[in-house]
1. Only one of the listed values, (i) 29.2; (ii) 22.1; (iii) 23.3, was derived from the coordinates as Kirkwood radius over Cα pairs in Å; which label is it?
2. With axes computed from alpha carbons, what is the tilt in degrees of helix 243-263 against the longest principal axis of the chain, rounded to the nearest 10 within 0 to 90?
3. Checking the cross-link filter: which lysines have an alpha carbon closer than 18 Å to that of Lys352, excluding same-chain neighbours under 8 positions apart?
4. Return the distance in nm (one decimal) between the two label points of a simple spin-label model at Asp280 and Ala324, each offset 7 Å from Cα along Cα→Cβ.
5. What value, in deg cm²/dmol to 500, does the helix sum -39500 (n - 2.57) over DSSP H runs of n ≥ 4 give at 222 nm once divided by the residues of the chain?
6. Roughly how tilted is helix 42-61, in degrees to the nearest 10 and between 0 and 90, from the longest Cα axis of the chain?
7. Arrange Ser378, Ser242 by Cβ neighbour counts within 10 Å, fewest through most, would you?
8. Filter the GluC sites (Glu not before Pro) in the stretch 345-405 to those in DSSP coil with at most 10 other Cβ atoms within 10 Å of their Cβ, and list the result.
Amino acid sequence: MSLFLRSCGAVLFFLLFFMNSSGAQENLSLQQAIDLALANNPQVLAAQKEVDAASARILQAEAFPNLEFSINWDETPSNFDITKAGERNIGLVQPLEFPGKRGARGRVARIETRYSEESLQRIKILVGAEVKRAYYQAWLNRKLVVNFEAIADLLQQFREAATVRYQAQKVPFLEVLRAKTELAKINNELIAARRDAQNALAELNRLLGRPGSTPLALGEDFSYQPFTKTVEMAVNELRQASAARRLSETLVQRGRAQMRLAQKSYLPDFTVGLFHQKRDGQPPFTAENPFGSTVSNLWGIDVGVSIPLWFWKGPRGQAEEARASFDLAQIQREAVDRNLTTAIENAHRSVKAAEEQVRLFEETLLRDVEDELRSGISHYQTEQIDALNLIDIYRTYTETRAEYYRALYNYHVALADLEVAGETAL
C-alpha cells in the first residue's frame with residue numbers, strides 16, 4: 001500500500017506542475033489567434049471587399065456624363081442614300097448636370113463608404129470577441145482533460161494495487177470491483193472531454209479561416225485579474241468606442257445627404273454641342289454649277305436644357321423616399337442609444353457576478369479542498385481511512401478544480417461580452 005501512496009503523491013505533484021506549466025510548450029497566443037482571424041476570417045474579408053466596392057462607387061458617383069459623338073444627314077433622298085444627303089453634321093455633345101447634383105451624389109457615396117468602413121470595424125470587434133470565446137473554450141477543455149487524465153492515472157494505479165492486495169487476500173473483491181467501476185466512469189468522462197477539446201479546437205480553426213483539422217496548440221494560460229471599472233465608467237468608455245453607435249449616426253448623415261440629392265432632381269440639366277457642317281446647294285449658282293456649291297467650313301452650336309415636369313411623380317417620389325429613410329435612420333439611432341446603455345449595464349452585471357464566483361473558489365473552496373486532500377493523505381498514511389475514501393477525496397479535489405476552471409472561463413467570457421456590448425445594440 002505504501003507504493004500506492006507514493007504513486008498518489010507523484011500524480012498529485014505532476015498534476016499541479018502540469019497545470020502551471022502546460023502552456024509553456026504551446027505556441028499560439030490569444031492575440032496571435034485574433035490577428036490570424038482578422039487576416040483570414042471570411043466575415044472580415046467580405047466586409048473589406050464591401051469597403052473596396054463602396055470606394056469604387058465614389059468614382060462612379062462623381063463622374064461627369066459621357067461625351068457623346070453625333071453625326072446626322074439632312075435632306076436625304078427617299079431611298080435614304082446618305083451619300084446624296086444635302087447636309088451632314090458631325091459633332092460632339094456634352095451633357096451637363098445642374099451645378100451641385102454631382103457633388104450631392106458624391107457626398108452620398110462618401111458617406112456610404114464611411115458606413116462600410118465602420119461596419120468593417122464592428123465586424124472585426126465582433127470576430128475578435130468570438131475568437132476569444134472559442135479560445136477560452138479550448139483552454140477550458142484542455143484543463144478538463146488534464147484533470148480527468150490525472151484522476152484516471154490515479155485510479156489505474158489504485159486498481160492495480162487493489163488487485164495485488166486481493167490476490168494476497170488482504171482486501172475483499174469489492175475493493176477491486178469499486179476500482180474498476182470508478183476507472184470505467186472516469187475513462188468515459190475523459191473520452192467525452194477529449195472529444196469536446198477537439199471540437200473546440202476545430203471551432204477555433206474555423207474562426208481563424210482554416211480547416212477544422214489544422215493542428216492547433218494553445219500558448220496562453222489564464223488567471224483571475226480583478227475587474228475594477230464601475231458601471232458608469234464602462235458605459236462612458238464603451239459608448240465612445242462603439243462602432244454600432246457611429247454606424248447609426250452615419251445612417252442619419254446619409255439620409256440627410258439623400259434628401260438634398262432628391263431635392264435636386266427638380267432642377268434641369270443641360271447639353272452643349274459643337275458640330276462641323278457640310279451643306280450642298282449653296283450659292284453662288286452659275287451655268288457651270290447650276291445646283292450651287294458645297295460649303296464644308298461651317299460650324300454649328302447646340303444648347304439644350306431639360307424641362308423638369310414637377311407635376312410628374314418621379315422627383316416627388318424620390319424626395320418622399322429620402323425623407324422616410326432619414327426618419328427611419330433617426331429612429332434607429334435613438335434605439336441604438338437606448339439599447340447600448342442597457343446592453344453595457346447588463347454585461348457589466350454579468351462580469352461582476354462571474355467575478356464573485358471566481359473569488360469564492362479562490363478565497364475559500366480551493367484552499368479547503370487542498371487542505372482536505374493533504375489531510376486525507378495523512379490519514380491514509382496512518383490507516384485512519386481506506387483507499388476508497390482517499391479516492392473520493394481526490395476526486396472531489398479534481399472536480400472542484402474543474403468547476404473553478406469553468407468559473408474562470410465564465411469570467412473571461414463575460415469580459416469578452418462586455419467588450420462588445422456596445423456593438424450588439426445595433
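We did not get these values from a lab; they are worked out from the coordinates using the rules stated. Note that the structure is a prediction, hence the values are computed from the model and not measured. Cβ placement follows ideal geometry from the backbone for every residue including glycine, while neighbour counts extend to all protein chains displayed.
1. Checking each listed value against the structure points to (i).
2. In the chain, helix 243-263 runs at an angle near 10 degrees to the longest axis.
3. Counting by Cα, and skipping residues close in sequence, Lys352 has these lysines nearby: Lys229.
4. 5.8
5. -24000 deg cm²/dmol
6. 20
7. Ser378, Ser242
8. Counting only loop positions with at most 10 other Cβ atoms within 10 Å, the GluC sites (Glu not before Pro) in the stretch 345-405 are Glu383.
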